[in-house]
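Following: one structure in structure tokens, then a few remarks.
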Amino acid sequence: MRSEAIRYLILPGWQGSSAEHWQSHWQRSLPNSTRVEQQDWASPQRADWVAELNRAVAADPRPAILIAHSLGCVTVVHWAQQAPLELLRRVRGALLVAPADVERPGCPEPLQNFAPLPRDLLPFPSQLIGSDNDPAASAARAVEMARHWGSDAVVLSGVGHINVKSGHHHWEQGFAHLYRLQNRIEQQQRRRA
């Protein structure tokens, strides 16, 4: 997939992604990348976050790959349930990194309005990256979410929530998962042609 033919929409999770976060690094590194900016990073409202993603997809007719982290992943799946077909067709795929289990016991109160988690298949290819020690979603829950959404699942060992706190600043290894997703998209497009 030629990078100049695609744009990347980066969706941070709760409290946004700082300049040191891998999503910020990727935004600086990937051509045609844009962050989906939310009005309120501290007190997220599902309807507002979904509407902001909808605006970002609608703003540019070029095909897009979504790169989401944590609550950003949950935003993607809620958006996919209600987005118009014309906008869904613009999304070629989604990289869902460390999705937040908003149904877990002890889930922070600001995230609870994103429950329940959608259980429908995503209408585009997706790659879900989880961790066996992520406090926001157990490995079993990450695999279960991937199954519901039709995502290819990878559970990494000992990487936490794949954020700055767990030592993931540039997360260069993550590009391999993005490239794997892009190859899957290309194969799917070739089969359709």
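The values are calculated or read from the model by the stated rules, or taken from the named source; none is laboratory data. Quick caveat, the model's predicted, so the values are computed rather than measured. No Cβ is skipped: glycine too gets one built from the backbone with ideal geometry, and neighbour counts run over all protein chains shown. These accessible areas exclude ligands, DNA and RNA; they are computed on the full protein's heavy atoms, side chains included. Shrake-Rupley method; radii C 1.70, N 1.55, O 1.52, S 1.80 Å.
Quick notes on this structure:
- Scope segment 167-193; condition closer than 21 Å to ARG90 by Cβ and open to solvent by less than 60 Å² (accessible area, probe 1.4 Å); matching residues: LEU178, LEU181, GLN182, ILE185, GLU186, GLN188
- Cβ pairs under 8 Å, 6+ apart, first in segment 170-182 and closer than 13 Å to VAL97 by Cα and in contact (Cβ under 8 Å) with a residue 60 or more places away in the chain, second open to solvent by less than 100 Å² (accessible area, probe 1.4 Å) and charged (D, E, K, R): LEU181/ASP152
- Matching residues, segment 1-60, being modelled with pLDDT of 95 or more, among the charged types (D, E, K, R) and farther than 19 Å from ALA176 by Cα: ARG35, GLU37, ASP40, ARG46, ASP48, GLU52, ARG55, ASP60
- Residue match in segment 27-40 (condition: in contact with a Pro (Cβ under 8 Å, 6 or more places away or on another chain) and not β-branched (Val, Ile, Thr)): yes
- Of all the residues in segment 16-42, those that are of a type in the set (S, T, N, Q) and loosely packed, with under 14 Cβ neighbours inside 10 Å number 3.
- The set of residues in segment 112-169 that are closer than 23 Å to SER17 by Cα and hydroxyl-bearing (Ser, Thr, Tyr) comprises SER126, SER131, SER138, SER157, SER166.
- Of the candidates TRP26, TRP41, the single residue that is part of a loop (DSSP other than H, G, I, E, B), in contact (Cβ under 8 Å) with a residue 24 or more places away in the chain and of a type in the set (Phe, Trp, Tyr) is TRP41.
- Segment 51-72 residues that are among the basic types (Lys, Arg), paired with ones that are outside any strand (DSSP E or B) and open to solvent by less than 30 Å² (accessible area, probe 1.4 Å) (beta carbon under 8 Å, 6 or more apart): ARG62/ILE6
- Scanning segment 138-152 for residues that are of a type in the set (A, V, I, L, M), under 16 Å from LEU95 (Cα atoms) and in contact with an Asp or Glu (Cβ under 9 Å, 6 or more places away or on another chain) yields ALA142, MET145, ALA146.
- GLY150 vs. criteria on the phi > 0 side of the Ramachandran plot, touching a residue at least 12 places away in the same chain (Cβ under 8 Å) and out of contact with any Cys (no Cβ under 8 Å at 6 or more places or on another chain): yes
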